[in-house]
Structure formats: structure tokens, C-alpha cells
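Student: Shown below is the structure under consideration.
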């Protein structure tokens, strides 16, 4: 049952089937559990990871000046430091274990693209919403455009690989480097349904929004051009 059934009204929701192809890779942005990070740290220390060496030596000097800690103690200390490495990945669809991009993240991305395509409070079809409507397009999308479901599957159960990226920060103790470890999936095909209340945008406006999205991308680390994609289909569902 739904509101349409309860009140016996015609639905004002138009549904569009969207299909997009990531051109290179999509990067996960969900922080992993502490046990995952700790295990990774211990493994990399045993292998003599060069990127981790500076952080390890710094932590030994600050936390253990008079003794050699165990691997567990050192890993714990590294995790507590200001420059602690992080491990970001993907959520999984509960029933299947498939890696997924969250629907809420896709909606947030569409809002970002819309704000880039039509900044401010005006856009061509604004009067279709209401003659006296004062909100910008990004706020209007928040209220009227939704991605169906909770997850958008990436078609795989394990990431293609893991990349270690160095981030430079400037905190209370001065400039520091930290290690960011990210999972990625190469060239996934994403398919989902977009629900639009009152179908208030023209195809030209949607085209401008999606063109902007192709350049900005989806997922984490978009500043490195990760997550750029090609839109394959935007079709009204009968």
C-alpha cells in the first residue's frame, strides 16, 4: 500500500531509468572498522612499507622513547596519532554481499551537479513549480528528486584493488603527512531509477545537469578525477 492507494489518487511521480558507465574507477569513501585498519598497519610494518616508515619512526620517538613496543602496541599508537592512516571502502548490499554506491550519495551528487549547472535561485523551468517559488534548484531537488532504493550495486563482491595515497596536513604540531588507503572498483556499470515529483525539469535542463555530472564524477577523491563517467541512458519508465 502507498499514499496513492490509500487516497485513490493519480501519482505525480515520474520515474526515469538511469544507466551510467564509470570511465576509470570509482573510489570508496566509507571508513573501515578499526580492526581492518590495525591489521593493515601490522602487515605493512612487517613488510617494511617505505611510506609508513616516517610515521612509525615519529610515533616511536614520541610514544616509546625508552623501549621497543610490541606490534600491537605500535599499531594502536599509530591509530591514535594525528597522522593516523585511514582505510576507506564500500558498503555491501546485505543479502548479496555486492559492493555498492549508496543511493543517498547519488542524490547528493545530483544536487551538486545541479548547483553547478544552475547556480543561484533561477533556472529555465522554475515557473513550472510555482510562479512565486523562491528556492534554488539544489533545494528543489532535495524535496522533489529521489533515488529509488538504498543501494546501487557495482556488480562485484570484492574491490578491484587498493591504492595508498599520501595526504599532507598542517595541524597544531606543524606540517605532517598521513596515509590514506582506498578501495576502488574499475569501470563499474551503475543502473538505478530516479523518481521525480511533478516532472518539473525539461530534457535540456537534465542534459545540462548530467553533462556537468560527467565532468565532476561520483564517489570519493573526485578532485583526482576519479569517478568520472559517461551517461548511457536516461529513459522514462512507462
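Student: Quick one: what pairs do we get from region 204-224, first residue assigned by TED's automatic domain parsing to the domain that holds residue 18, second part of a helix (DSSP H, G or I) and surrounded by fewer than 15 Cβ atoms within 10 Å (Cβ to Cβ), C-beta under 7 Å, 6+ apart or different chains?
Tutor: No pair meets every condition.
Student: Of everything in region 184-208, what is buried (at least 18 other Cβ atoms within 10 Å of the Cβ) and within 18 Å of the chain's Cα centre (by Cα)? Give them in sequence order.
Tutor: Within region 184-208, 184, 185, 188, 190, 192, 194 meet the criteria.
Student: Among the residues that make up region 137-147, is at least one of them in the same structural domain as residue 12 (by TED's automatic domain parsing), over 22 Å from the mean Cα position of the chain (by Cα), more than 22 Å from residue 227 (Cβ to Cβ) and modelled with pLDDT under 95?
Tutor: no
Student: Also, I was wondering about something else. With the condition kept exactly as written, say whether any residue in region 17-27 is farther than 21 Å from residue 225 by Cα, outside any loop (DSSP other than H, G, I, E, B), at pLDDT 90 or above and assigned by TED's automatic domain parsing to the domain that holds residue 144. Give the steps one after another, and end with the answer.
Tutor: Start the filter on region 17-27 by keeping residues that are farther than 21 Å from residue 225 by Cα, which leaves 17-18.
Checking the rest, the ones that are also outside any loop (DSSP other than H, G, I, E, B) come to 17-18.
Of the ones still in play, those that are also at pLDDT 90 or above are 17-18.
This time we only want the ones that are assigned by TED's automatic domain parsing to the domain that holds residue 144, so: 17-18.
So far as region 17-27 goes, yes, one or more of its residues are farther than 21 Å from residue 225 by Cα, outside any loop (DSSP other than H, G, I, E, B), at pLDDT 90 or above and assigned by TED's automatic domain parsing to the domain that holds residue 144.
Student: On to the next question. Which one is modelled with the lowest pLDDT among residues in region 90-117 that are over 15 Å from residue 147 (Cβ atoms) and buried (at least 21 other Cβ atoms within 10 Å of the Cβ)?
Tutor: It comes out as 90.
Student: Sort out which residues of region 150-167 are surrounded by fewer than 12 Cβ atoms within 10 Å (Cβ to Cβ) and at pLDDT below 85, and write them in order of number.
Tutor: Hit for region 150-167 is 166, nothing else.
Student: Moving to a separate point now. Any chance you could count how many residues in region 168-190 are under 15 Å from residue 221 (Cα atoms) and either at pLDDT below 70 or not assigned by TED's automatic domain parsing to the domain that holds residue 153 (or both)?
Tutor: Adding up the residues that qualify gives 2.
The values are calculated or read from the model by the stated rules, or taken from the named source; none is laboratory data. The structure displayed is predicted, hence computed values, not measured ones. Note: ideal-geometry Cβ built from the backbone for every residue, glycine included; neighbour counts use all protein chains shown.
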